[in-house]
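Peer 1: Take this structure first; my questions come after.
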Amino acid sequence: MSLSQFLNVILPSDSTLGMPSAVEIGVDKNVMHVLTPNQIDVFLFILNGIAQERFANSLSSLNEKEYLLCIEKAKRADARLVNNIVQQCLTAYYTHPIVLTKINSGAVPPFPYGNQIESDDWLMLQKVFERGPIYRNVL
């Protein structure tokens, strides 16, 4: 079991949406620079232990549903570690320029010259503004 196999389960490619898998765009290598090898080893050890305990099988032989169940159980074993690893994987994936382009977010920062935001209708708050303060001074 490796980090790449883990990524193939949580962030697989999707041909209908045209989304690449996390491994295709090198998320595994990016995450390896952020996390320590010990963190990854402990995480994979926990996952393998849960797979053996719950399904009497190795993690690599589980189907996707069973694998995701193991990840959920791993969160109970070490929530901080598992959440950190999942967060790092998702951040590396969803900030990659290819993924940003595919989800129509654009590969540019959203502000100040990036993605356009619809203007709001501030007139709908006019009644609230005209009402004035609805608190009393405590002095």
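Peer 1: Among the residues of the stretch 72-103, write down those that are within 13 Å of ALA22 (Cα to Cα) and in contact (Cβ under 8 Å) with a residue 60 or more places away in the chain.
Peer 2: VAL86, CYS89, LEU90, ALA92, TYR93, HIS96, ILE98, VAL99 - these are the residues of the stretch 72-103 that are within 13 Å of ALA22 (Cα to Cα) and in contact (Cβ under 8 Å) with a residue 60 or more places away in the chain.
Peer 1: Looking at the stretch 9-44, which of its residues are over 16 Å from HIS96 (Cβ atoms) and outside any loop (DSSP other than H, G, I, E, B)?
Peer 2: Within the stretch 9-44, VAL9, PRO37, ASN38, GLN39, ILE40, ASP41, VAL42, PHE43, LEU44 qualify.
Peer 1: Name the residues in the stretch 67-113 that are part of a loop (DSSP other than H, G, I, E, B), modelled with pLDDT of 85 or more and surrounded by 14 or more Cβ atoms within 10 Å (Cβ to Cβ), would you?
Peer 2: ASP78, HIS96
Peer 1: Follow-up. Could you please give the count of residues in the stretch 117-139 that are farther than 30 Å from SER105 by Cα and either assigned to a helix (DSSP H, G or I) or not hydrophobic (A, V, I, L, M, F, W, C) (or both)?
Peer 2: Selection size over the stretch 117-139: 11.
Peer 1: Any residue in the stretch 24-51 that's of a type in the set (Gly, Ala, Ser): show its pairings with residues that are open to solvent by 20 Å² or more (accessible area, probe 1.4 Å) at Cβ separation under 7 Å, as long as the two are six or more apart or on different chains.
Peer 2: ALA51/ASN57; ALA51/SER58; ALA51/LEU62
Peer 1: Restricting to the stretch 32-65, name every residue that is open to solvent by less than 60 Å² (accessible area, probe 1.4 Å), at pLDDT below 90 and either out of contact with any Leu (no Cβ under 7 Å at 6 or more places or on another chain) or at positive phi (or both).
Peer 2: Answer for the stretch 32-65, where residues must be open to solvent by less than 60 Å² (accessible area, probe 1.4 Å), at pLDDT below 90 and either out of contact with any Leu (no Cβ under 7 Å at 6 or more places or on another chain) or at positive phi (or both): SER58, LEU62.
Peer 1: Take LEU11 and decide whether it is under 30 Å from ASN104 (Cβ atoms), in contact with a Cys (Cβ under 8 Å, 6 or more places away or on another chain) and not β-branched (Val, Ile, Thr). Before you say what the answer is, go through the steps one by one.
Peer 2: Details: under 30 Å from ASN104 (Cβ atoms): yes; in contact with a Cys (Cβ under 8 Å, 6 or more places away or on another chain): yes; not β-branched (Val, Ile, Thr): yes.
Answer is yes for this residue.
Peer 1: What are the residues in the stretch 16-31 that are of a type in the set (A, V, I, L, M, F, W, C) and either open to solvent by less than 20 Å² (accessible area, probe 1.4 Å) or in contact with a helix residue (DSSP H, G or I) (Cβ under 6 Å, 6 or more places away or on another chain) (or both), if any?
Peer 2: Within the stretch 16-31, MET19, ALA22, VAL23, ILE25, VAL27, VAL31 meet the criteria.
Peer 1: Something else now. Residue check, GLN5 against (1) under 20 Å from LYS102 (Cβ atoms); (2) surrounded by 13 or more Cβ atoms within 10 Å (Cβ to Cβ), all met but one. Which one?
Peer 2: The single condition GLN5 does not satisfy is (1).
The values are calculated or read from the model by the stated rules, or taken from the named source; none is laboratory data. Remember, it's a predicted structure, so these values are computed and weren't measured experimentally. Don't worry about glycine lacking a Cβ; one is built from the backbone with ideal geometry, like all the others, and counts go over all protein chains shown. The protein model used for the area step is the full one, side chains on, heavy atoms only, and it has no ligands, DNA or RNA in it. Shrake-Rupley method; radii C 1.70, N 1.55, O 1.52, S 1.80 Å.
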